[in-house]
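The block underneath contains the structure these notes are about, expressed in structure tokens.
The values are calculated or read from the model by the stated rules, or taken from the named source; none is laboratory data. Computed from a predicted structure; not experimentally measured. Ideal geometry is used to build each Cβ from the backbone, glycine not excepted, and the neighbour counts take in all protein chains shown.
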Amino acid sequence: MPLNGRQIKNAKPAETGKKTKLFDGGGLYLEVTPVGGKVFRLKYRIDGKRKTLTKSTNKTAKTAVLCGV
């Protein structure tokens with residue numbers, strides 16, 4: 001299920017002190033760090049090798065619009 005702006009805005013880190021991942025589909029997910037930082041990551045493969053593209057942001061709403069969330 002695709003993420004929406006409200007889910008992104010309200011995303012909180014796990015109480016265990018670990019990173020939380022909210023998946024959007026197609027390899028895109030929002031990672032919430034233990035201190036509350038939010039980072040979009042895209043997992044993909046090129047020639048069989050796993051790669052990750054990271055888009056860090058302080059303004060999650062603008063990034064969500066750019067990512068089509």
_For the stretch 8-29: of the residues being over 11 Å from the mean Cα position of the chain (by Cα) and not in a loop (DSSP other than H, G, I, E, B), which is modelled with the highest pLDDT?_
10
_Set 45, 41: member being at pLDDT 90 or above, among the charged types (D, E, K, R), surrounded by fewer than 10 Cβ atoms within 10 Å (Cβ to Cβ) and in a strand (DSSP E or B)_ = 45
*With respect to residue 34, determine if the residue is in contact with an Asp or Glu (Cβ under 6 Å, 6 or more places away or on another chain) and modelled with pLDDT under 95.*
no
*Filter the stretch 1-25 for residues that are of a type in the set (Gly, Ala, Ser) and either over 20 Å from residue 53 (Cα atoms) or without any contact (Cβ under 8 Å) to a residue 12 or more places away in the chain (or both) and give the result.*
5, 11, 14, 17
*Search result, residues across the stretch 21-52 that are under 16 Å from residue 6 (Cα atoms) and in contact with a strand residue (DSSP E or B) (Cβ under 6 Å, 6 or more places away or on another chain)*: 21, 22, 23, 29, 30, 31, 32, 38, 39, 40
*asked:* Taking the criterion of being among the hydrophobic types (A, V, I, L, M, F, W, C) and exposed (fewer than 11 other Cβ atoms within 10 Å of the Cβ), would at least one residue in the stretch 25-33 satisfy it?
replied: no
